[in-house]
Amino acid sequence: MSAVLKTDDWLGMSGHKYVVTGAGSGIGYAIAETMINAGAKVALLDRNTAGAETLRQVHAGSALEPAVHECDISDEQSVAAAAQAVQERFGSIDGLVNCAGMLRAASIKEVALEEWDRVLRTNLTGYMLCSRQFAELMTEGGSLVHIASVAAHHPQTYSGAYSASKAGITLLSRQIAAEYGPAGIRSNVVCPGMIRTALSEPFYQEPGIKEQREAMTASRRIGAPADIANAVSFLLSERAAYINGAELTVDGGMEVMLMDLIPRPGFSARQQG
């Protein structure tokens, strides 16, 4: 039975050690920042370390100064080198967040095979490589959280292999949960909806797009990276000790709005104004 955690450290992350991939920007940056602010020691992995260095400098000289490691998660040797560096710095770890990913626009008809393979190699194979490599450092159990997308549930057209890769993550996580569960290692997925990041910011510069997107969510707002970071922190923590092989959709209720998109004169509050 899990121990009851102190309420002044509700998630119990202080002093724990984690690895975050894709930590240099957007959701990954917010996840790492949230964990550091909770007192955790974090290793920041990214192909482009500039953003991760910015976060490191914020905490430079403190006990919580994060480690920064360049890592291409699609390359097995790069992942192995990062894991060795993390082990030398932290020894064992308590959790991993698979957040690095990519999107390449193309229809199924037009997508080049090399681009299809590249997205799958990063978004799916990369998650597998990191999971099995860093699980080896979870000597006393641990938690893996993988960032997928609502695109795992619904096809995001003209986005090449993106939806297929995100759907693959959800099943990969369940397989990890089943295979690593006896070792005390949990594996769960967070599926973000519309989150406003630097990558999606150009959409919101178009007149009316923000309002149209907000209207597609039950909560009537666009998510922020912190919304995902908070969900991830919970799943990493011992508060989620009996959650394994699960998916948590964090979309402000976007998926529950599907039936509201169907014209129903006399029934729809939106259509009635």
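Read-outs: derived from the displayed coordinates by stated rules, not from any lab. Keep in mind that this is a model prediction, so the values were computed, not measured. FYI the Cβ positions are ideal-geometry reconstructions off the backbone, even for glycines, and counts take in every protein chain you see.
The figures follow:
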quantity	calculated
Between helix 26-37 and the chain: long-axis angle, C-alpha atoms, 0 to 90°, nearest 10	40 degrees
Order by protection proxy (mean Cβ within 10 Å, highest first), peptides 194-206, 91-103, 126-138	91-103, 126-138, 194-206
Mean ellipticity per residue at 222 nm, deg cm²/dmol - from DSSP H runs of n ≥ 4 across the chain, formula -39500 (n - 2.57)	-10500 deg cm²/dmol
Local net charge near A112, Cβ-Cβ under 10 Å (Lys/Arg +1, Asp/Glu -1)	-2
Rounded Å value of the spacing that divides the Cα centres of the range 59-107 and the range 138-198	17 Å
Pairs of lysines in the chain (C-alpha under 25 Å apart; 8 or more residues apart or interchain)	5
Per-peptide average of other Cβ atoms within 10 Å, ordering 158-167, 245-254 highest first	158-167, 245-254
Distance (nanometres) between label positions extended 7 Å along Cα→Cβ at D260 and H153	1.4 nm
